[in-house]
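The values are calculated or read from the model by the stated rules, or taken from the named source; none is laboratory data. The model shown is predicted, which means the values in this text are computed figures rather than measured ones. Note that each Cβ is placed from the backbone with ideal geometry, even for glycine, and that neighbours are counted across all protein chains shown. Just the protein is used for accessible areas: all its heavy atoms, side chains included, with ligands, DNA and RNA removed. Shrake-Rupley method; radii C 1.70, N 1.55, O 1.52, S 1.80 Å.
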Amino acid sequence: MAQTKPDAELVKAESLFAQGDLSNAKKALQSLLARQPNSVAALNMLTSLLLVEDDPENAAKQIGRAVKLMPNDPKVLTNYGYCLFRQGDFKHAEIQFRKSLQLEPKQASAYVGLGRLQLTQLKSAEGLSALKQAMRLDPKQEDSFFFASEAYGVDKNLSMQIDSLQKYLDLKPKFYPERVQNAEALLVFFRELEKGEPAKVSDPTRTYELPVQPFFGLMIVEAYVNKEGPYRFLVDTGATSTVLSNALLDHLKIMPIATATVKCVGGSGKTATKLCKASSLKIGELEISNLPVASFDNQIFAGLIDGVLGTADLGDFLIALDYPDKSIVLTPQSSTTRDRSLQADGTQGSRSAFRILGNLILVPVSINHQPAKNFLFDTGAVTSTLSKRQAASFGVKDDTPNSAVDIQFAGACGVTESVLSVPRVNLAFGGLKLDYDQILAVELKEISKEVQTEVSGILGGDFFSKYKVVIDYQNTTVSFE
């Protein structure tokens, strides 16, 4: 039987997409679909394009049509997995990737999807195995090298992290320009760090108890940087790294190595940051040397703190944030504690798994007793909030009468004045529940775009600051006592 000749417009769209010309590729696909609305290949390609453009709603519509037309097409199932990942449904995303590979085992993009899912649980060995399979199947699949660099970062294998980033950039990636710019900055930064082990704890075998100054549901610690201080640091699970104010960098004469863009709450949702290296950071008896740090320039926090302590830098320890006792206890963990059962240390109802994306902790939170959505677990936030996209699902939008509130919402990226209020919301997580007569909603699109999964809200200190919160990075769980 003779093979069907590919539609010329589909071939044209594929070529334009490969060149990075998204606008004209989309026009070609839309023209083709106007004539052939049931073209699965065109629907699938348009889904890929819309995901690159960060239009998850329309991407989901296109792949939904394709799945109905060809429910067992491997490429369609792979893209369906990516749409589910973008929606934050990690469980069903994995099901689609694995089903796709059963039907067609030689799909690099499906292995990339599986690798990313493993990395959200900090399973670097499993993640690297999947990503290396993607590299073997398609050496020009740029995403496999980018995410492999993250996997090597989990293992603190700096030389391989550098090697993977260089290979990613050598492929001259056409999409995600901010990611490419940050990869270039990180490559310069990591090469400077390679002269010594990064974030090295002087004695990782002992337990540390750090005194805390409480502040409206937040935890602040005093720290010495490069043997000067003390300076005030906010303890922040919502920070991608440890951060120093620009004023402190200037005072300590710490020179920037590179400049990157960081996504965060407040302002436009993103801001420039300097990548630097602190020779030492000392909190109580805990001392960390050769510490990668970033900068922030936010006058809102200028009188309160000098920096932010990212808890990911303490991830080799079991981290107990004891709010009632006003202390932080760091307990060393060995590799043998990996994948221990959830029932350890208390009841299962007070313990929940989380995912890690870009060093941010995402936890499953049920809103009004509905299936859980992903919230940023943020000890640096005073109050919990919804995303504006989530608020819209409850019928509250910018143009909804009486929805806007005259409140300035401050975050690391500046001040947001466009804040909404959503009435009668219940949040539930890890056995804890809290009712809100009114809850705020702010824009979280930039963070969702950065981590490529939906962030539906922020779980702040008002929710958990009456408890002892135990964060276990090795097993990606958080518990309340």
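Taking the Cβ-Cβ separation of Gln370 and Ala404 as r and a Förster radius of 30 Å, what is the calculated FRET efficiency to the nearest 0.05?
On the way: r = 25 Å, r/R0 = 0.82.
According to the calculation, E is roughly 0.75.
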Legend entry - Candidate aspartates and glutamates - alpha carbon under 17 Å from Lys91, same-chain residues fewer than 8 apart omitted: Glu126, Glu454
Inset, instruction - Please report the relative contact order for the chain, taking Cα pairs under 8 Å with a sequence separation of at least 6, and give it as a percent rounded to a whole number. - result: 13
Legend entry - Over segment 1-107, relative contact order from alpha-carbon pairs under 8 Å, at least 6 apart, %: 17
Inset, instruction - Could you pull out which residues in segment 269-297 have an amide N less than 15 Å from a spot 7 Å beyond the Cα of Lys253, following the Cα-Cβ vector? - result: 279
Inset, instruction - Roll a 1.4 angstrom probe over the protein heavy atoms and tell me the percent of accessible area of segment 359-438 that is carbon or sulfur. - result: 48
Legend entry - Pair Thr261, Lys172: separation of 7 Å Cα→Cβ label points (nm): 2.1
Inset, instruction - Sort the following peptides by mean Cβ neighbour count (other Cβ atoms within 10 Å, averaged over residues), highest first: 356-367, 94-105, 232-243. - result: 232-243, 356-367, 94-105
Legend entry - Ser31 paired with Asn72, simple spin-label distance in nm, labels 7 Å along Cα-to-beta-carbon: 3.6
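Based on the mean of other beta carbon atoms within 10 Å per residue, what is the order of 180-190, 126-136, 8-18, most packed first?
Working: 180-190: 18.1, 126-136: 20.3, 8-18: 16.5.
Highest-to-lowest ranking by the protection proxy: 126-136, 180-190, 8-18.
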Inset, instruction - Work out from phi, with θ = phi - 60° and the Karplus expression 6.51 cos²θ - 1.76 cosθ + 1.60, the ³J(HN,Hα) of each residue of segment 135-147, listed in order in whole Hz, and give x for Gly and Pro. - result: 4, 5, 6, 8, x, 9, 6, 5, 4, 4, 6, 5, 6
Legend entry - Whole-number percent relative contact order across segment 149-297, with pairs defined as alpha carbons under 8 Å at least 6 apart: 25
Legend entry - Label zone at Ser23, where the point sits 7 Å out along the Cα-to-Cβ direction: segment 171-185 residues whose backbone N lies under 20 Å: 174-178
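For the chain, with every protein chain kept in place, what is the accessible area per residue (1.4 Å probe, Å²)?
Values: 22100 Å² over 481 residues.
Each residue of the chain exposes 46 Å² on average to a 1.4 Å probe.
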Legend entry - Order by protection proxy (mean Cβ within 10 Å, highest first), peptides 322-331, 278-287: 278-287, 322-331
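Is there a pair in Lys26/Lys68; Lys172/Lys373; Lys174/Lys277 whose C-alpha atoms are over 32 Å apart, and which pairs would that be?
Values: Lys26/Lys68 22 Å; Lys172/Lys373 35 Å; Lys174/Lys277 30 Å.
Exceeds cut-off: Lys172/Lys373.
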Inset, instruction - Please report, in Å, the Rg and the Dmax of segment 142-294, where both are computed over Cα atoms only. - result: 16.7, 48
Legend entry - Test item: Cα-centred dipole of segment 171-303, Lys/Arg +1 and Asp/Glu -1 on Cβ, debye: 500
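For Ala125 and Asp7, what does the FRET efficiency come to when R0 = 56 Å and r is the distance between their Cβ atoms, rounded to the nearest 0.05?
So the FRET efficiency works out to roughly 0.85.
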Legend entry - For the chain, the spread of Cα positions along each principal axis, largest first, Å: 76, 55, 44
Legend entry - Calculated FRET efficiency for the pair Ser393/Ala353, C-beta based, R₀ 25 Å, to 0.05: 0.55
Legend entry - Global geometry of segment 423-481, whether rounded, prolate or oblate, following the gyration tensor of its Cα atoms and the 1.5 cut on a/c: oblate
Legend entry - Net dipole in debye of the chain [+1 Lys, Arg Cβ; -1 Asp, Glu Cβ; about Cα centre; nearest 20]: 1400
